[in-house]
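Readers should treat all values here as calculations from the given coordinates under stated rules, not as data from a laboratory. Remember, it's a predicted structure, so these values are computed and weren't measured experimentally. Note that each Cβ is placed from the backbone with ideal geometry, even for glycine, and that neighbours are counted across all protein chains shown.
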Amino acid sequence: MKKYFILLISILLLAPCVGAQTFKRTTKKPGFFVPKGALQTGARKEKLPPIEKMIYRGQPAPIVIEMQRQAQEKARQEQAEKQKQEAIARLKQEKEQTEKQKQEEFAKLKQEQEDVKSQKLLTAEENTDNIENQNPENNPVQITDIALVDISPEDEAKFTQILVEYHNDVEAISQQKTVRNQRLIDMIADFTDTDRSI
């Protein structure tokens, strides 16, 4: 019996909670006049003028002046960056053209050197043949082929590069342009003017 009594009390206590869950709330109109929209709790946009048109004491607001200054500064920085990029692109293009010209002149000078070398070989062979044909009996010294001193490809490339730079510098000076030869600048930078007494 005690069990039923506890069960009955539990049901009576829980019934209002279940009823409260199913209750539907409705907004009640007050008994006095309320303007439309005064009781709405939703967020409303406040109608303010744009920041650019804000006026403080008859003058543009300080924030407007600061925004205009920042916009001008940003535009100036963008313009400077654009000019810098254009200058870098122009310098890169000029460098590529200069490099291409150097390569062409290098190839031309190399061809000229090969022509001179082959001409020297032909002249040396002709001289050898002439000496042998003139007095083969009176010439006790045996004539062998004249060997030209071979220059290593690295040294030949250096000499050719120096000649190319020399021709470029002379041409630029003749056109009254400023010349900047990095190899010579480095050589001068390494030079120290010291007196050594004996």
### Task
Quick one: of LYS108/LYS177; LYS53/LYS82; LYS24/LYS47; LYS74/LYS95; LYS24/LYS45, which pairs are farther than 26 Å apart, Cα to Cα?
LYS53/LYS82; LYS24/LYS47; LYS74/LYS95; LYS24/LYS45
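Show me the trypsin sites (Lys or Arg not before Pro) within segment 158-187 that DSSP assigns to loop and that have at most 14 other Cβ atoms within 10 Å of their Cβ. Don't skip to the answer; put the middle values down first.
Working: sites: LYS158, LYS177, ARG180, ARG183; in loops: LYS177, ARG180.
Hits after loop and neighbour filter: LYS177, ARG180.
Highest mean first, what order results for 64-72, 188-196 on Cβ atoms within 10 Å? Don't skip to the end; give the middle numbers.
Numbers: 64-72: 11.9, 188-196: 5.9.
Answer by packing, highest mean first, reads 64-72, 188-196.
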